[in-house]
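Engineer: A single structure is presented below for examination.
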Amino acid sequence: MLGFLTARRAGLDDPLRLRRAESTRRVLNLKLNPDRDVDRIHGNGINSIDIETIEGRYMLSGGADGVIVIYDLENYSGKPQYTCKAVCTVGRSNRHVHKFSVETVLWYPYDTGMFVSSSFDKTMKVWDTETLKPAEVFEFESNIYNHHLSPIARKHSLIAVGTKNPKIQLCDLKSGSKIHVLQGHKAEVLSVRWSPRYEHILATASADSKVKVWDVRRASGSLFSLDQDNGDKSKSSSEAVNTAHNGRVNGLSFTSDGLFLLTTGTDDRMRLWNSATGENTLVNYGKVCNESRKGLQFTVSQGCSPEFVFVPCGSSVAVYVLHTGELVTMLRGHYNNVDCCKFHPDHQELYSGGKDGNILAWVPVLRASDMEEESDQKNKGAADSSAGNRALQDAWSSDED
C-alpha cells in the first residue's frame, strides 16, 4: 500500500488505482465486527435494508413484523466499541404502521427527507422522515413483493412495483397515481430494478422463470426476455423457451455501471447477463443456495477491482468475484437464514439482515499478515520514494533542457 501511495505522490500512477486497490483489500478483509452492534428492534425476521447515498449515515430496515426502523450508523462515542442506535421507529403503536410484513424499504435517492415502503398489506407508503407520517399511500389489489426507484432519473419520478398480480405497476410520485402497467409475465413479479445507467430501462423478475427488460417509454411489450441458453433451442425444452432460470427468479441487481445484470433463482443458480444484449455470460458461480419464496435482496460492491457479489446463502452471506464466479469466502454469523444484505460503498462495509431478527455489520479487519506486510513495505517505501523523486528530477531536468 505504501508503494501505491508513493507512486501516487510522485505522479507515476493513476490515483484511482490506489483507491481501487484499497477498496479491494478492505472487501477481502470483511469480518463480523465484535465491537459494533446494531440495535435489535424487530421482533421477527428482517426482509429489507437500505443505506442512503447522500451522507451514507442512515440505514432503513423493514421487517416481517411490519415495523420500520431508521438507524444512525455514525459513531459519536469516540470509543471502538459502540452500538448503531435506532433514531426513530414506525412501530406497532403507530397508527400508520403496515399491518403485515414489510417487504421492501428504500430511501428517496436525492435526499433523506423521504423513504418508501411496501408490504403484504397491499399498500405502498411514501413517508415524510421528519413526521414519520405517510405523505402518499398507494393501494393495490394484491400483496406487494418489491418496489424500486430509479437512482438517476431526471425526467421521471416513477416507482416500479411488483405484486402477486403478473402486471408491473408504475406509480408517479409527482401525481400520486398509478400511470402505467407493463404486461408480459404470467406469474407474480418478485423483483424489479431500474438501470443505474439509463433512466427508462427497467428489469423485472417473476415466478414464471423469466426476466424481462423494458423501456418504459415504449407502448409495446418488453425489449427482450433473458434466455439462459442464448437462443440455442437444442439445449432448451419446448416448455422452457426464453427462461432465465429453471425455477422462480426472485433476485435482481445491476452492477454499479449498469453494464451487467445479476439474477438469482430457486434453481440454486446465479447468472450474469449483458444488460444491453441480454446475453448470458455463462459465468459459473456453482450452487447458490436459495430457498426464499419471496424476493431476495443481494448486493454488488462498488469501486473495487475486481468487483464482488454478496448474496444470502442459507444462514451465511456468500462472496463471489463478479466476472469469474470464484467463491471468495462465506460470512457466517446469523443464527437463521439471511434475507437481505447491503454494501456501504463509502467505507467498504456490509450489513446483513436475517430471520433471526438481527442486523450484522461486516467491516474490514486488518490481519496480522497485512500488518507484517505493511511493516515490510516501509523500507521498500523509502526506496520507492527515492526512485519516485529521481524520476521527478529526471523529468524536470529534461523539461529544462
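Nothing in this text is a laboratory measurement; each read-out follows from the coordinates by a stated rule. Just so we're clear, the structure is a prediction, and the values are computed from it rather than from any experiment. Don't worry about glycine lacking a Cβ; one is built from the backbone with ideal geometry, like all the others, and counts go over all protein chains shown.
Engineer: Order these peptides, 275-284, 59-68, 329-338, 156-165, by their mean beta-carbon neighbour count within 10 angstrom, highest first.
Structural biologist: The peptides rank, most packed first, as 59-68, 156-165, 329-338, 275-284.
Engineer: To continue, here is another question. Would you calculate a helix-derived [θ] at 222 nm for the chain, using -39,500 (n - 2.57) for each DSSP H run of n ≥ 4 and dividing by the full residue count, to the nearest 500?
Structural biologist: Mean residue ellipticity, 222 nm, calculated: -4500 deg cm²/dmol.
Engineer: Percent relative contact order of the chain, based on C-alpha pairs within less than 8 angstrom and at least six residues apart?
Structural biologist: That works out to 15 percent.
Engineer: Using only C-alpha positions, report the orientation-averaged shadow area of the convex hull of the range 303-352, nm², one decimal.
Structural biologist: Dividing the Cα hull surface by four gives the mean projection, 3.5 nm².
Engineer: Just grab the label-to-label distance for Ile54 and Thr83, each label 7 Å out from Cα along the Cβ direction, in nm (one decimal).
Structural biologist: A separation of 2.8 nm, rounded to one decimal place.
Engineer: Stretched out fully, how many nm does the piece from Asn284 to Arg19 gain, at 0.36 nm a residue minus the Cα gap?
Structural biologist: Going from the current span to full extension adds 92.6 nm.
Engineer: Ok, one more. Report the residue, chosen from Ser305, Ser175, Ser253, that carries the largest GNM mean-square fluctuation when the chain is represented by alpha-carbon nodes joined by springs under 10 Å.
Structural biologist: Of the options given, Ser175 has the highest mean-square fluctuation.
Engineer: Over the residues of the chain, compute the C-alpha Rg and express it relative to 2.2 N^0.38 Å.
Structural biologist: This ratio for the chain stands at 1.07.
Engineer: Could you work out how much longer the chain between Glu74 and Val321 gets when fully extended? Use 0.36 nm per residue separation minus the Cα distance between them, nm to one decimal.
Structural biologist: Going from the current span to full extension adds 86.0 nm.
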